[in-house]
1. Every residue in segment 28-54 that is surrounded by 22 or more Cβ atoms within 10 Å (Cβ to Cβ) and either touching a Leu at 6+ places or on another chain (Cβ under 9 Å) or among the aliphatic types (A, V, I, L, M) (or both), please.
2. In segment 138-168, which residue that is aliphatic (A, V, I, L, M) and under 19 Å from the mean Cα position of the chain (by Cα) is farthest from V102 (Cα to Cα)?
3. Filter segment 133-157 for residues that are assigned to a helix (DSSP H, G or I) and among the β-branched types (V, I, T); which is surrounded by the fewest Cβ atoms within 10 Å (Cβ to Cβ)?
4. How many residues does segment 158-181 contain that are assigned to a helix (DSSP H, G or I), at pLDDT 95 or above and either surrounded by fewer than 15 Cβ atoms within 10 Å (Cβ to Cβ) or hydroxyl-bearing (S, T, Y) (or both)?
5. Of everything in segment 265-279, what is surrounded by fewer than 19 Cβ atoms within 10 Å (Cβ to Cβ) and in contact (Cβ under 8 Å) with a residue 40 or more places away in the chain? Give them in sequence order.
6. Which number in (1) under 19 Å from P166 (Cβ atoms); (2) out of contact with any strand residue (DSSP E or B) (no Cβ under 6 Å at 6 or more places or on another chain) marks the one condition that R220 misses?
Amino acid sequence: MRTVRNVHSRTVLAPASAVGALLDRLGGDPDPLFPTPAWHPMRFDRPLGVGAVGDHGLGPYRVAVHEPGRRVRFDFLPGPHGGATGYHEFTVRPLGPDRCRVEHVLECRHGLARRLVWHLAIHAGHDTVVEETLDNIERAATGRLDAPVRWSPRVRLLNRLLWDRPTAVALPEGARLARGAFPRTDFQDAWQLPLRPGMPAEPEAWEGVLRGAPFPVVGREGCEILLGKDAGHLDFRASVLVADGHITLGTVVRTHHRGGRLYLALVRRVHPFMARTMLRRTHRRLALAAPDAGERWVARPPAGR
């Protein structure tokens, strides 16, 4: 195994105490630093402190050192993406009363296969996430950012490949419009994704989830929008529900005769793939269009920071 060492640093024109206070909000609510919703958020099983376990989508780590306002170190733990041992950490060092140096260091030991994955794919994404975190530190601490990091084609591809995939769920109780759409249903399913911090929580923002197959809105109630269309062979309804930190795309269908049942028997084989694809694409599109963590922090009223 060989050791990979990766270092990023930046001088920030703000007091170390102010930047350190921001660092202590990593993984919190709100977190002004980690670049969400474009990337999977950093989450912990408890408030940031020694012993807290968390991850940001590529495997778990534990907080090994936390010096409030100065340093936080995460030790990697075995997980589904295992094969590495080591740590990553942030440190804040004062350079004077109104300047400081922020540094992120990753050091880990990889086997051959994992090292190849690191160099061919993960490295570029990791560098971008760290630089975006430093961007957010600078933006949140100073209120401005002159040169934000830009994504390379490789990073865009990696982001797309690693994007969350919808999971099958029962049609939620909160999808009352879909549940009451027909006296009986011949088919129903639902697919769900978690909302990342900063993503829109208004169902109207998700109306375009059925892009390429536009259906009129036939009902609105609370956090749910119902789209659909009636035809001679079957009636179709799509429920867009934004509730409990998730976006759920549900479908209910009622057939009218044997031809409708035959059509449904054919369509239901490709419907799950289409529903998952449309939900995932819309999820990523809205996430990439949303303000980043640092932008949201600067826009918050001072009392809410």
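1. Correct list: P32, L33, F34, P37, W39, M42.
2. Within segment 138-168, the subset aliphatic (A, V, I, L, M) is 140-141, 145, 147, 149, 155, 157-158, 161-162, 168.
Within this subset, residues satisfying the condition of being under 19 Å from the mean Cα position of the chain (by Cα) are 149, 155, 157-158, 161-162, 168.
On the way: V149: 16, V155: 23, L157: 28, L158: 26, L161: 30, L162: 28, A168: 42 Å.
Filtering segment 138-168 for residues that are aliphatic (A, V, I, L, M) and under 19 Å from the mean Cα position of the chain (by Cα), the one farthest from V102 (Cα to Cα) comes out as A168.
3. If we filter segment 133-157 for residues that are assigned to a helix (DSSP H, G or I), which is where we start, we get 133-142, 153-157.
Now narrow it down to the ones that are among the β-branched types (V, I, T): 133, 137, 142, 155.
Values: T133: 25, I137: 26, T142: 15, V155: 18.
Among them, the one singled out is T142.
4. 1
5. As a first pass, look at segment 265-279 and keep what is surrounded by fewer than 19 Cβ atoms within 10 Å (Cβ to Cβ): 265-274, 276-277.
Hits for segment 265-279 are R268, H271, P272, R276.
6. Result: R220 fails condition (1) only.
For (1) under 22 Å from P203 (Cα atoms); (2) out of contact with any Leu (no Cβ under 9 Å at 6 or more places or on another chain), each residue gets a yes or a no:
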{"residue": "H233", "(1), (2)": "no, no"}
{"residue": "A238", "(1), (2)": "yes, no"}
{"residue": "V242", "(1), (2)": "yes, no"}
{"residue": "V252", "(1), (2)": "yes, no"}
{"residue": "P272", "(1), (2)": "yes, yes"}
{"residue": "T277", "(1), (2)": "yes, yes"}
{"residue": "R280", "(1), (2)": "yes, no"}
{"residue": "R285", "(1), (2)": "yes, yes"}
{"residue": "P291", "(1), (2)": "yes, yes"}
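The values are calculated or read from the model by the stated rules, or taken from the named source; none is laboratory data. Just so it is clear, the structure is predicted and the values come from calculations on it, not from any experiment. As a convention, Cβ positions derive from the backbone with ideal geometry for all residues, glycine included, and neighbour counts pool all protein chains shown.
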